[in-house]
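Shown next, in structure tokens, is the structure this report addresses.
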Amino acid sequence: MAGKILSLIYKDFRVELRRKHEILASLAFVSVASLAMSLFAYRSLIPEFVVPSLWLFTLFIGIFVSMITFISEYDKHTLEGLRLLPIRPSTIFFAKTIYSYLITLFESLVALIMLSIFSSTYILFKPEIIVVLLLFTLYISSISSFTSMLVMYSEGRSFLIPVLIFILSVPMLLPLVSVSMPMIPFNIMDVYLLLAGTSSFFFVALALSEYVLEV
């Protein structure tokens with residue numbers, strides 16, 4: 001099982017590295033947007049503004065990543081090849097989610113570093129923000145892969161993907177509040193809530209993938 005998952009992840013990275021323009025474009029967006037948000041936070045004398053900016057960037061990165069998972073396989077007509085492999089659909093979904101998580105986490109960390117440098121504040125390096133970022137990127141990766149799998153056959157997927165990702169991310173906004181607002185004391189229960197929500201959604205999506213990918 002682990003070997004098959006690693007092989008799928010390795011294959012996706014090899015394919016993505018051959019067309020570097022998409023990753024470079026998303027990194028350019030993160031860099032420019034980080035500069036703009038940091039300047040706003042610096043000029044408005046509200047350095048804490050960079051924290052919700054980080055969550056917003058993670059959402060946009062999730063939308064980008066959804067286009068290079070199942071939708072990319074469908075557009076390149078390689079999805080049928082994946083289905084013919086002696087691998088369960090849930091294993092394919094698991095591998096795609098881990099692949100999405102690695103890219104989303106990498107670009108979110110780039111955004112964190114850029115925001116910190118441009119705003120001259122190190123508030124984003126607080127342990128609770130790092131922990132929440134690790135969990136939130138996993139949640140966004142799960143809904144990104146699930147959304148990509150769900151709407152890959154739809155002609156209106158360019159509209160549906162951002163809408164679905166934003167809607168599905170709403171339940172996890174509450175745990176982000178305590179680490180985004182300095183006037184609200186951090187509550188460890190918010191981390192447990194984020195972990196529970198992420199785990200629940202991932203396993204539900206994993207179970208549904210057995211049926212969605214068989215259609």
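The values are calculated or read from the model by the stated rules, or taken from the named source; none is laboratory data. This structure is a prediction, so every number in the text was calculated from the model and none was measured. Virtual Cβ from ideal backbone geometry, glycine too; neighbours counted across all protein chains shown.
Observations on the structure shown:
- Residue within region 34-51 that is within 21 Å of the chain's Cα centre (by Cα) and closer than 24 Å to residue 16 by Cβ present: yes
- Any hit, region 91-104, residues being under 25 Å from residue 139 (Cβ atoms), touching a Lys or Arg at 6+ places or on another chain (Cβ under 7 Å) and buried (at least 16 other Cβ atoms within 10 Å of the Cβ): yes
- Residue 138 being touching a Leu at 6+ places or on another chain (Cβ under 9 Å), farther than 21 Å from residue 30 by Cα and surrounded by 14 or more Cβ atoms within 10 Å (Cβ to Cβ): no
- The residues listed here are 139, 122; of these, the one that is more than 21 Å from residue 63 (Cα to Cα), of a type in the set (Phe, Trp, Tyr) and touching a helix residue (DSSP H, G or I) at 6+ places or on another chain (Cβ under 7 Å) is 122.
- Qualifying residues in region 56-90 (those that are within 15 Å of the chain's Cα centre (by Cα) and surrounded by fewer than 22 Cβ atoms within 10 Å (Cβ to Cβ)) - the one farthest from residue 142 (Cα to Cα): 56
- So residue 38, is it in a helix (DSSP H, G or I), at pLDDT below 75 and either touching a strand residue (DSSP E or B) at 6+ places or on another chain (Cβ under 6 Å) or among the polar types (S, T, N, Q) (or both): yes
- Listed by position, the helices (runs of 4 or more DSSP H) contained in region 72-182 that have at least 1 residues being modelled with pLDDT of 85 or more and in contact with a Pro (Cβ under 9 Å, 6 or more places away or on another chain) are 127-151.
- Considered as a group, the residues in region 103-136 that are among the hydroxyl-bearing types (Ser, Thr, Tyr) and farther than 19 Å from residue 199 by Cβ include one that is nearest to the chain's Cα centre (by Cα), and that residue is 108.
- Of all the criteria given as (1) at pLDDT below 80; (2) among the hydrophobic types (A, V, I, L, M, F, W, C); (3) within 19 Å of the chain's Cα centre (by Cα), the one not satisfied by residue 188 is (3).
- Filtering 26, 116 for residues that are under 24 Å from residue 160 (Cβ atoms) and among the polar types (S, T, N, Q) leaves a single hit, 26.
- Of the residues in region 24-32, not one is aromatic (Phe, Trp, Tyr), at negative phi and outside any helix (DSSP H, G or I).
- The single condition from (1) under 30 Å from residue 3 (Cβ atoms); (2) buried (at least 18 other Cβ atoms within 10 Å of the Cβ) that residue 112 fails is (1).
- For first residues located in region 55-74 and touching a residue at least 40 places away in the same chain (Cβ under 8 Å), partners that are surrounded by 21 or more Cβ atoms within 10 Å (Cβ to Cβ) and of a type in the set (Asp, Glu) and lie 6+ apart or on another chain with Cβ distances below 7 Å form the pairs 61/107.
- Residue list for region 145-160, filter: loosely packed, with under 13 Cβ neighbours inside 10 Å, over 17 Å from residue 59 (Cβ atoms) and either in contact with a His (Cβ under 7 Å, 6 or more places away or on another chain) or not hydroxyl-bearing (Ser, Thr, Tyr) (or both): 155, 156
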